[in-house]
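Okay, structure first, notes after.
Bear in mind that the values in this text are calculations on the coordinates, not laboratory data. Model, not experiment: these values are computed from the prediction. Here the Cβ positions follow ideal geometry from the backbone for every residue, glycine too, while neighbour counts run over all protein chains shown.
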Amino acid sequence: MNRVLRTALKSVRSDKPKLMRGGSARRHHSSYDVAVVGAGIVGLAAARELILRHPLLSFVLLEKEKELATHQSGHNSGVVHSGIYYTPGSLKARLCVRGATLAYEYFEKKGVPYKRCGKLIVAVEQEEIPRLKALYDRGMKNNVRDLSIVDAKGIREREPYCRGVMALDSPYTGIVDWRMVALRYASDFEEAGGTVRTEYKVSDISTVKESPAGSTEGIKYPISIRDEKGNEVWCRYVLTCGGLYSDRLSQISGCSPEPRIVPFRGDYLVLKPDKCYLVRGNIYPVPNPRFPFLGVHFTPRMDGGVWLGPNAVLAFKREGYKAYDFSAQDFADALSFRGLQKLVLRNLTYGFGEMYRGVFIGAQIKILQKYVPELALNDVLRGPAGVRAQALDRDGNLVDDFVFDGGVGAVGSRVLHVRNAPSPAATSSLAIAEMIADEVESRFNL
Ligand SMILES: Cc1cc2nc3c(=O)[nH]c(=O)nc-3n(C[C@H](O)[C@H](O)[C@H](O)COP(=O)(O)OP(=O)(O)OC[C@H]3O[C@@H](n4cnc5c(N)ncnc54)[C@H](O)[C@@H]3O)c2cc1C
């Protein structure tokens, strides 16, 4: 949209955000048509999609941190997934495949640096071959582009230091800095006239209680969103995309506590710079269907580095990136949840194994050496970590699909919570944004 058109649209925008003084307490607030809470890649993509579709409405994005996209969207493997793993026909599969296509188009259009360096899912033992072939069938059903099966020689041609008996080759898989992408979505949003407010930790969503005398403002913008410092934003509709806090945000408007978010920390190792030649593209194991996560993998980074990981261990704090980060509330919340107790009981060996390998990295290296035998303990350093928002139901099942929720009463009918946007939501972000925007439009008659 060119600058002249944008300026013109701003001037005709029906409800330009303005600072108002409200009620006897003379509290400042500003009013918008739509408020989006949470500036991770999902909130940013959704806000961007909505404002591009509805340029005459006013939008605000509220984020609790000083900077945008600092949590899951800024702590991940940086892979552009192609959509191989997911059940054919599922929303997750469709959104990932469409999301990857939209993402590559977006990178090209906006000049976002990326590399389509490909991915091998490698079977290192004969017994993994049937599962590898089943993955190939899944990928084909999901319309993943350019998939093929390669033998040991094909593996070496693509990854000279990798060993395996057979692999699934996905040259369409790539890498990108997802935080950079999220920040580009934010720029698009702001250029289209949206307002971004950081350090705004939403703690209450309710109906407006006191409108300025003689003003119809509280009728027009009936929802009040407050932060912990007592700031207030009034709006007509709210969309929340709270990542690791999506369940708690949902409870504010009366939703059930389930599905519950349980934080799983993933620690990475990094290859020392003189060893990065060992890996060209992404190298993944064949996932074991008995375990909930994909398994540790080798992932090249946009800066030329290579990360190995992540493992998956229960985190004692949501948004806690160090092993000793601890929150009494988060810890008690997780441990008292029956869903987590059941998941832990079902995966005791796996869970302890992940914890053990997190502490003793020699054990992790042993697993990685199955894929790259030349790798040695001395070649790696401890690296960063990410925390995944894993939604769990009360029976301990990982919630694998999207969950939308509203709430109760007058507030509930004007709020849409994205309670679960399952991984790989960065890859799928532009497709997820289309789906969220459709949902917002149909729920709120926009
Ligand atoms: C270790 C790891 C590796 C991954 N690897 C990949 C990958 O390679 N490729 C891929 O596509 N995906 C990957 N993912 C998944 C992907 O990163 C996430 O699915 C995606 O970033 C989720 O985005 P989000 O916006 O939902 O959450 P987040 O990025 O966590 O954003 C939520 C935002 O809400 C804000 N918020 C929360 N509560 C409030 C409040 N009360 N008030 C205001 N703001 C609030 C938070 O501060 C945060 O900024 C990975 C995830 C992890 C953890």
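Go ahead and collect, in residue order, the members of region 348-380 whose backbone nitrogen is under 16 Å from a label point 7 Å along the Cα-Cβ direction of D274. Flagged as within label range: 375-380. Taking the square roots of five times each eigenvalue of the Cα gyration tensor of region 59-203, the equivalent ellipsoid has semi-axes of 36, 16, 15 Å, listed largest first.
Can you give the calculated 222 nm mean residue ellipticity of the chain, where each DSSP H run of n ≥ 4 adds -39,500 (n - 2.57) and the sum is split over every residue, rounded to the nearest 500 deg cm²/dmol? Can you show the working numbers first?
Values: 14 runs with 146 residues, N = 446.
Taking each H run of at least 4 residues, the total per residue is -9500 deg cm²/dmol.
Each of I41, I361 was scored by other Cβ atoms within 10 Å of its Cβ. Listed from fewest to most, they are I361, I41. Overall, region 260-398 carries a charge dipole of about 240 debye about its Cα centre when +1 sits on the Cβ of Lys and Arg and -1 on the Cβ of Asp and Glu, all other atoms neutral.
Taking the 0 to 90 degree range and rounding to the nearest ten, how far is the long axis of helix 348-359 tilted relative to the main principal axis of the chain, both from C-alpha atoms? In the chain, helix 348-359 runs at an angle near 90 degrees to the longest axis. Radius of gyration (Cα atoms) of region 170-276, expressed as a multiple of 2.2 N^0.38 Å: 1.54. Sorted largest first, the principal axis extents computed over the alpha-carbon atoms of region 260-398 equal 46, 29, 25 Å.
Across all directions of projection, what mean area in square nanometres is found for the Cα convex hull of region 299-359? Present the calculation step by step, with values, prior to reporting the outcome.
Working: hull surface 21.1 nm².
Approximately 5.3 nm², given one-decimal rounding.
Filter K141/K370; K64/K110; K119/K370; K275/K366; K66/K209; K275/K370 down to the pairs with a C-alpha to C-alpha distance above 20 Å, please.
Details: K141/K370 29 Å; K64/K110 27 Å; K119/K370 17 Å; K275/K366 17 Å; K66/K209 29 Å; K275/K370 17 Å.
Violating the 20 Å Cα-Cα cut-off are K141/K370; K64/K110; K66/K209.
With the simple model of a label 7 Å out from the Cα in the direction of the Cβ, F352 to F291 spans 1.5 nm. The mean sequence separation of alpha-carbon pairs under 8 Å and at least six residues apart, normalised by the residue count of region 330-446, gives a relative contact order of 20 percent. The mean sequence distance of close C-alpha pairs (under 8 Å, at least 6 residues apart), as a share of the length of the chain, puts its relative contact order at 22 percent. Let me know the shape class of region 217-340, please: from the alpha-carbon gyration tensor, a ≥ b ≥ c as square roots of the eigenvalues, rounded when a/c is under 1.5, otherwise prolate if a/b is greater than b/c, or oblate. Cα axes put region 217-340 in the prolate bin.
Among R382, R265, what is the fewest-to-most ranking by other Cβ atoms within 10 Å?
Numbers: R382 12, R265 26.
Listed from fewest to most nearby Cβ atoms, that is R382, R265.
When peptides 49-56, 124-131 are ranked by their average number of other Cβ atoms within 10 Å per residue, the highest-first order is 49-56, 124-131. Put a dot 7 Å past the Cα of R443, heading toward its Cβ, do the same for T198, and the two dots end up 2.7 nm apart. Quick one: order V165, V36, V313 by neighbouring beta-carbon count within 10 Å, fewest to most. Going from least to most buried by this count: V165, V313, V36. Less than 5 angstrom separates the built amide H of T240 from those of V37, L416, H417, V418, all sequence-distant by 5 or more or on a different chain.
Would you please classify the overall shape of region 104-166 from the alpha carbon gyration tensor, given that a ≥ b ≥ c denote the square roots of the eigenvalues, rounded means a/c under 1.5, and beyond that prolate means a/b larger than b/c while oblate covers the rest? Oblate is the answer for region 104-166, as a/c is 1.5 or above yet b/c matches or exceeds a/b. Give me the Debye-computed log₁₀ of I(q)/I(0) at q = 0.08 Å⁻¹ for the chain, equal point scatterers on Cα only, no solvent, two decimals. With no solvent term, the Cα-only Debye profile gives -0.48.
By the rule of a C-alpha distance below 15 Å, with chain neighbours fewer than 8 residues away ignored, the aspartates and glutamates paired with K92 are D400, D401, E434. Note on region 241-304: Cα Rg divided by 2.2 N^0.38 Å, N the number of residues, gives 1.68.
Roughly what % antiparallel, to the nearest 5, for the DSSP beta bridges in the chain? Before the final figure, lay out the partial values.
On the way: 50 of 72 bridges.
About 70 percent, rounded to the nearest 5.
Give the aspartates and glutamates whose C-alpha is closer than 14 Å to that of K220, dropping any in the same chain fewer than 8 places away, or say none. The qualifying aspartates and glutamates are D15, D33, E210.
Distance from the Cα centroid of region 63-82 to that of region 320-371 is 21 Å (rounded to whole angstrom).
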